[in-house]
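Have a look at the structure below before the remarks.
Values in this text are rule-based calculations from the coordinates and carry no lab data. Remember, it's a predicted structure, so these values are computed and weren't measured experimentally. Cβ atoms come from the backbone with ideal geometry, glycine included; neighbour counts cover every protein chain shown.
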Amino acid sequence: MIQAPGAEVPEEEPEGPEETDEPEATRRTAGNTESIRANRGWWDGNADEYQVEHGDFLGDDRFVWGPEGLDEEDVRLLGPTEALKGLSVLEIGAGAAQCSRWLAAQGARPVALDLSYRQLQHGRRIGADFPLVQGDATALPFADGRFDLACSAYGALPFVADTARVMHEVRRVLRPGGRWVFSVTHPVRWAFPDEPGPDGLTAASSYFDRTPYVEQDEQGRAVYVEHHRTLGDRVREIAGAGFRLVDLVEPEWPVWNQQEWGGWSPLRGRLLPGTAIFVCVAG
């Protein structure tokens with residue numbers, strides 16, 4: 001279901017995910033349809049736990065680009081903060097729309113889109129006076145040239161099989177000269193185990209292997225899918241969609257951040273890049 005911009009996302013008390021058998025982790029082909037179905041279900045089932053675990057770090061009034069804690073207030077990758085006032089901004093893979101709330105506080109007019117209905121319900125619960133839209137990043141439900149800016153902080157792209165199509169969709173809904181800034185797991189991390197400790201410092205697979213990571217149930221049905229692209233793949237997708245890449249930011253792990261978040265940690269952050277942020281301008 002695609003929920004039209006401005007339509008209500010019902011507010012209700014969070015409920016924990018249902019107990020299920022532990023899925024099997026494997027590497028195999030997974031197309032766009034299978035990935036969308038699996039990841040919609042996974043995020044709906046895990047949104048409550050995710051917001052409990054990471055909500056404080058993400059904050060209600062911050063725009064954080066990744067586990068390192070890089071803050072848009074400081075780096076201004078979207079442009080000068082004072083210039084955001086009045087601009088229409090699309091946040092893709094918004095989760096509970098923490099970034100969109102920060103944008104709204106700067107006077108921007110955000111629209112927060114996510115595949116997961118449950119994540120958007122958390123956005124409504126925390127508070128959002130802007131549109132929350134349930135939709136697929138490969139088929140954005142907006143008119144051509146609708147937005148001045150687009151952004152995504154670890155949203156959608158890691159979970160989509162056809163990321164080139166996402167780039168084309170973002171370019172379609174952006175006005176000429178509009179910025180498209182997105183962060184993803186740094187591609188080099190694909191070669192290393194997703195472990196925060198010493199075991200995560202030794203390469204275990206090929207950086208060039210694009211075979212998706214899949215968690216599947218006993219019937220072999222995918223319940224979670226993540227896709228990998230090399231740096232070169234990303235650049236070609238960006239250019240192919242009509243964008244100009246103007247910056248690639250690889251945040252260093254700050255001394256103040258002592259938390260572990262999945263495979264991200266101070267130990268690994270001192271040695272390996274964890275996040276890549278692509279800053280693009282529509283031609």
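If the elastic network links every pair of Cα atoms under 10 Å, which of V166, V181, V235 fluctuates the most in the Gaussian network model of the chain?
Residue with maximal mean-square fluctuation among V166, V181, V235: V235.
Within 10 Å of each residue's Cβ, count the other Cβ atoms and sort D114, D247, D136 from fewest upward.
D247, D136, D114
By counting other Cβ atoms within 10 Å of each Cβ, how are T230, T163 ranked from fewest to most?
T230, T163
Counting only other residues whose beta carbon sits under 10 Å from that of H168, what net charge do I get with K and R as +1, D and E as -1?
Result for the neighbourhood of H168: 0.
Antiparallel as a % of all DSSP beta bridges within the stretch 25-282, to the nearest 5?
55 percent
What is the stretch 186-257 by shape, rounded, prolate or oblate, if you read a ≥ b ≥ c off the alpha carbon gyration tensor as root eigenvalues and call it rounded for a/c under 1.5, prolate for a/b larger than b/c, and oblate otherwise?
Because a/c hits 1.5 or more and a/b fails to exceed b/c, the stretch 186-257 counts as oblate.
Where does the longest stretch of the chain lie that holds no GluC sites (Glu not before Pro) found in a DSSP loop with 16 or fewer other Cβ atoms within 10 Å?
20-217
For the stretch 105-163, what does the alpha-carbon gyration tensor say about shape, rounded, prolate or oblate, given a ≥ b ≥ c as the root eigenvalues, a/c under 1.5 as rounded, and a/b over b/c as prolate?
Verdict is oblate for the stretch 105-163.
If exposed means no more than 11 neighbouring beta carbons inside 10 Å and the site is in a DSSP loop, what's the longest run of the chain without any exposed trypsin sites (Lys or Arg not before Pro)?
It runs 86-269.
Quick one: order S152, S205 by neighbouring beta-carbon count within 10 Å, fewest to most.
Fewest-to-most ranking of S152, S205: S205, S152.
So for the stretch 103-153, averaging the separation of alpha carbon pairs under 8 Å that are six or more residues apart and normalising by length, what relative contact order in percent results?
Computed value for the stretch 103-153: 34 percent relative contact order.
For the chain, what's the relative contact order in percent, using C-alpha pairs closer than 8 Å and at least 6 residues apart?
That works out to 22 percent.
From the gyration tensor of the Cα coordinates in the chain, what semi-axes in whole Å does the equivalent ellipsoid have, largest first, with each one equal to sqrt(5λ)?
Sorted largest first and rounded, they come to 26, 22, 20 Å.
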